[in-house]
Amino acid sequence: MQPAIKIAASILGANPVRLEEEIKKIELAGIDLIHIDVMDGHFVPNITMGPFIVEGIRRITNVPLDIHLMIEHPERYVNAFAAAARAGDLITFHRETTKEPKEIIALIKKTGLKAGVSLNPDTPTGTVEDLLDALDMVLVMSVNPGFAGQRFIPKVLPKIARLRSIAPDEMDIEVDGGITTETVSQAAQQGANVIVAASAIFKTDDPCGAIKTLRQTAEQAVKMRCTQKANA
Ligand code: DX5
Ligand code: ZN
């Protein structure tokens, strides 16, 4: 059994000067997580938001925050983000940014937050396999990080399958980048249960309907996966 499907709305796709309105909209649609893309202009070629924005968002919603750090030296910023967040929220750092992932996981856990590690499309799962017991989530990037609105890279699908086959039952596997109604099905079928979407939610006329469709499509894919496994 894998954990239930959760939909994470990436506010990188939202209107930045109407963030409160955008967040209320997805909250009403029953969003599970608010995904916050933190970019530093070094690890990725774009600059976005920091703890100041996280703190502001934390004040206007009770939806758990899913903080995706695409920054160098994540260990220097864990405490600042944790201070802006609250227990139940999650901080994910990139495996490519450190030689000491265990220390960073411990640092995050010490703040009372959940810990995740993310893999770029070219980073193999072998780099995190010895960390799984200490983690709440692994994030498999399905685009090269930096921007919303890119195309899904299908070669990451076997990485999702591999991680699901060896992960503890309760561990979340998140997929991020290029999610559409087609790609969500492929990712969920391989075992991803946390689905990030920016464009597919915010660049539509009906974010509520988009969230519902993503959830239903992912849940159907999981059912198919279970039936296939049972018949194998
Ligand atoms: C990309 C970010 C993603 C991005 C997803 O570096 O990590 O979370 O916002 O955007 P879409 O869903 O448009 O691919
Ligand atoms: Zn992200």
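The values are calculated or read from the model by the stated rules, or taken from the named source; none is laboratory data. Bear in mind that the values here come from a model prediction, so they are computed numbers and not experimental data. Methodologically, a virtual Cβ is constructed for each residue, glycine included, from the backbone with ideal geometry; neighbour enumeration extends over all protein chains shown. Side chains included, ligands, DNA and RNA excluded: accessible areas come from the protein's heavy atoms. Shrake-Rupley method; radii C 1.70, N 1.55, O 1.52, S 1.80 Å.
Things worth noting here:
- Scope the range 161-186; condition open to solvent by 30 Å² or more (accessible area, probe 1.4 Å) and under 15 Å from Pro3 (Cα atoms); matching residues: Ala161, Ser165, Ile166, Pro168, Asp169, Glu170
- Condition broken by Ala84, with the remaining ones in (1) free of Cβ contacts under 8 Å to residues at least 40 places away in the same chain; (2) open to solvent by less than 70 Å² (accessible area, probe 1.4 Å); (3) within 16 Å of ligand 1 (Cβ to nearest atom) satisfied: (3)
- Positions within the range 49-76 being under 21 Å from Asn15 (Cβ atoms), open to solvent by less than 10 Å² (accessible area, probe 1.4 Å) and free of Cβ contacts under 8 Å to residues at least 40 places away in the same chain, in sequence order: Val54, Thr61, Leu65, Ile67
- Count of the range 4-39 residues which are of a type in the set (A, V, I, L, M) and open to solvent by 20 Å² or more (accessible area, probe 1.4 Å): 7
- Condition met for Pro158 (crowded, with 18+ Cβ neighbours inside 10 Å and away from ligand 1 (no atom under 16 Å from the Cβ)): no
- In the range 97-148, residue least open to solvent (accessible area, probe 1.4 Å) [restricted to those that are basic (Lys, Arg) and away from ligand 2 (no atom under 16 Å from the Cβ)]: Lys109
- Exclusive hit being farther than 18 Å from Thr127 by Cα and aliphatic (A, V, I, L, M), set Ile104, Ile60: Ile60
- Considering the conditions (1) free of Cβ contacts under 8 Å to residues at least 24 places away in the same chain; (2) open to solvent by 40 Å² or more (accessible area, probe 1.4 Å), Thr213 is excluded by exactly one of them, (1).
- Residue match in the range 131-147 (condition: acidic (Asp, Glu) and outside any loop (DSSP other than H, G, I, E, B)): yes
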